[in-house]
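Asker: One structure, as C-alpha cells, below. Some questions next.
Here, each number is a calculation from the coordinates, and none is a lab measurement. These numbers were taken from a predicted model, which means no experiment stands behind them. Because the Cβ atoms are built from the backbone with ideal geometry, glycine has one as well, and the counts that use them run over all protein chains shown.
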Amino acid sequence: MSEGRARVVAWLGREILPHEAAVRAWLRRSFAAAGDVDDIIQETYCRLAALTTTEHIDQPRGYFFQAARSVALEQIRRARVVRIETVSEIEAFDLALEDPSAERIVSGRRELERVRGLIADLPERCRRIFEMRKIEGMPQREIARRLGVSENVVENEAVRGLRAILAAMTEQDANPSVRGKRDREGREKTDGRTRKRR
C-alpha cells in the first residue's frame, strides 16, 4: 500500500467511521425509496476509499453525508429506469475477460491472509459480529437476535472491528517488520480456529 493510500485509509478510520451510525439513521428517515441502507453505505465506503487524496475535504462528516446522498439518489434513479438490452446488443460488445497474472493471484492471496489474520486478532464478540455482518452479509437485526444483543451493539462492534482492521493495516504498511510478524501470528490463529471447528 502506497503512502497516499495509507493516508486515505487512516482518514476513513479517523474521520468517517465515527459518523456511520448518524448517516445510517438519516438514510433510513430520508431515503426509504432508495433500497437497502447497507448497500448504500457499502457503496459510499467504496467511493471514499477510492479517493487519491482527502486534503480538499474540510468537513468529513458533511462529505460522508453528501456522498451517501449521491449514492441513494442514483439507486432511486436506477429503480425507476429499467434498461432492457437484447442478446445481440450484449454480444456486440464482445468483451474479452482478462485472466489475472500469477503475480496478481499470489498478491491477492497474501492480502486475503493478511485480512484474515487481522480479523482473527479482534476480540471474540467483535470478531463474530464483524464476520457475520461484513463477510456473511447478515442483517443487523438477525445478528442481534442470534447473539441476544441490541442492534446498536451490533452496529458499534462492526464499526469497532473495521476501525481496528484499518488502523492495523495502516500500522503494518508503515512498519513492514510488524506486518511480517502479524501475518505469521494471524495465520497461526486462523489455522487454530479451523482445526477447532473440525
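Asker: Residues with beta-carbon under 12 Å from that of residue 159, excluding residue 159: net charge, scoring Lys, Arg +1 and Asp, Glu -1?
Answerer: Result for the neighbourhood of residue 159: +2.
Asker: Then there is this: Please compute the modelled spin-label separation between residue 58 and residue 147, points set 7 Å along Cα→Cβ, answer in nm with one decimal.
Answerer: So the label points at residue 147 and residue 58 sit 3.9 nm apart.
Asker: From the backbone phi of segment 51-58, what are the Karplus-calculated ³J(HN,Hα) couplings (6.51 cos²θ - 1.76 cosθ + 1.60, θ = phi - 60°) in whole Hz, Gly and Pro given as x?
Answerer: Karplus-based 3J(HN,Hα) across segment 51-58 equals 4, 8, 8, 10, 4, 7, 9, 7 Hz.
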